[in-house]
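See structure below.
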Amino acid sequence: GDRQYLNSQHAHSTRSAPILMGNPKLYTYEELKIMSKKRLPSDVDRDRLECHLSDNEFYTLFQMTRSDFYRLPEWRRVDLKKRFKLF
C-alpha cells in the first residue's frame, strides 16, 4: 500500500532536510569516501553523505555537532564537505 510506496526509491527526495530522513544507514567516513568515488548504495543520500556518519565520527571530522553544522550557511557546509571529500 502507501507505506511501501513511501519506502520506495521513487519517493526519495535528495532535497529533504536531514531531520526528516529518519534513521539513515550509517557508514564509516572511510567507506563513504571510497564509495563516493564508485557507485554508492541506493540507501545513501548522495547530497547529504555526512548524514550517514555516526554522531561521534561526524564530530571528530567536522569538529562540531550536527546542529551546529546545519546552522552554518549552505556555502560553508558545502566547503567543509568538499574538504573532506563528502560532496
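The values are calculated or read from the model by the stated rules, or taken from the named source; none is laboratory data. Note that the structure is predicted; figures quoted are calculated from it, not measured. Using ideal geometry, Cβ is built from the backbone for each residue, glycine included, and neighbour counts are taken over all protein chains shown. When the accessible area is computed, the model is the full protein with side chains, heavy atoms only, and any ligands, DNA or RNA have been set aside. Shrake-Rupley method; radii C 1.70, N 1.55, O 1.52, S 1.80 Å.
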(request) Kindly provide the set of residues from the range 44-65 that are open to solvent by 90 Å² or more (accessible area, probe 1.4 Å) and in a loop (DSSP other than H, G, I, E, B), ordered by number. (result) Gln63
(request) Six or more apart or on different chains, Cβ under 8 Å: which pairs go from a residue in the range 61-78 that's closer than 18 Å to Leu32 by Cα to one that's in a loop (DSSP other than H, G, I, E, B) and open to solvent by 60 Å² or more (accessible area, probe 1.4 Å)? Could you list them? (result) Val78/Phe87
(request) Hey, can you tell me all the residues within the range 29-43 that are under 13 Å from Leu86 (Cα atoms) and open to solvent by 60 Å² or more (accessible area, probe 1.4 Å)? (result) Glu30, Glu31, Ile34, Lys37, Lys38
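Quick one: how many residues across the range 25-43 are in a loop (DSSP other than H, G, I, E, B), modelled with pLDDT under 90 and among the hydrophobic types (A, V, I, L, M, F, W, C)?
Matching residues across the range 25-43 total 1.
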(request) Output the number of the condition that Tyr5 fails; it satisfies all remaining conditions of (1) part of a helix (DSSP H, G or I); (2) surrounded by 10 or more Cβ atoms within 10 Å (Cβ to Cβ); (3) modelled with pLDDT under 85. (result) (2)
(request) Output yes when any residue across the range 66-74 is open to solvent by less than 40 Å² (accessible area, probe 1.4 Å), among the aromatic types (Phe, Trp, Tyr), modelled with pLDDT of 95 or more and within 13 Å of the chain's Cα centre (by Cα), and no when none is. (result) yes
